[in-house]
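The values are calculated or read from the model by the stated rules, or taken from the named source; none is laboratory data. Bear in mind that the values here come from a model prediction, so they are computed numbers and not experimental data. Cβ placement follows ideal geometry from the backbone for every residue including glycine, while neighbour counts extend to all protein chains displayed. Heavy atoms of the whole protein, side chains included, go into the accessibility calculation; ligands, DNA and RNA do not. Shrake-Rupley method; radii C 1.70, N 1.55, O 1.52, S 1.80 Å.
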Amino acid sequence: MNKERPMESEEIRELRAVLGKLKQEHRDLDSAINALEESGRADALQLKRLKKKKLFLKDEIIRIEDELLPDIIA
């Protein structure tokens, strides 16, 4: 993303749409992880993969939110 020019409104709409999908997927993964842990039948490898995916999604959410928020000069 070019930091020198302001984002176009279409770009902003697309980023917000992607952000919404990522947040929903993150919530869904959180629910799935909790359900597996509570069931007592959780496969350790499966849980590790789900948690890694959840962390990746969180990083992407933060990256997109940073793009959407204007830089604040202190």
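At a probe radius of 1.4 angstrom, the accessible area of the chain per residue rounds to 82 square angstrom.
Restricting attention to the chain, lysine pairs at least eight places apart or on different chains and with alpha-carbon atoms under 25 angstrom apart total 16.
Is there a quick way to get the dipole size of the chain? I mean about its Cα centre, with the Cβ of Lys and Arg at +1 and of Asp and Glu at -1; what is the value in debye to the nearest 20?
Numbers: 16 positive and 17 negative charges, 88 e Å.
About 420 debye.
Converting phi to 3J(HN,Hα) with the Karplus coefficients 6.51, -1.76 and 1.60 and the offset θ = phi - 60°, the range 50-55 yields 5, 5, 5, 5, 4, 5 Hz in sequence order, with x at every glycine or proline. For the chain, the spherically averaged projection of the C-alpha convex hull amounts to 6.4 nm². Here the range 20-74 has 56 percent of its accessible surface on carbon and sulfur atoms, given a 1.4 Å probe and all protein chains in place.
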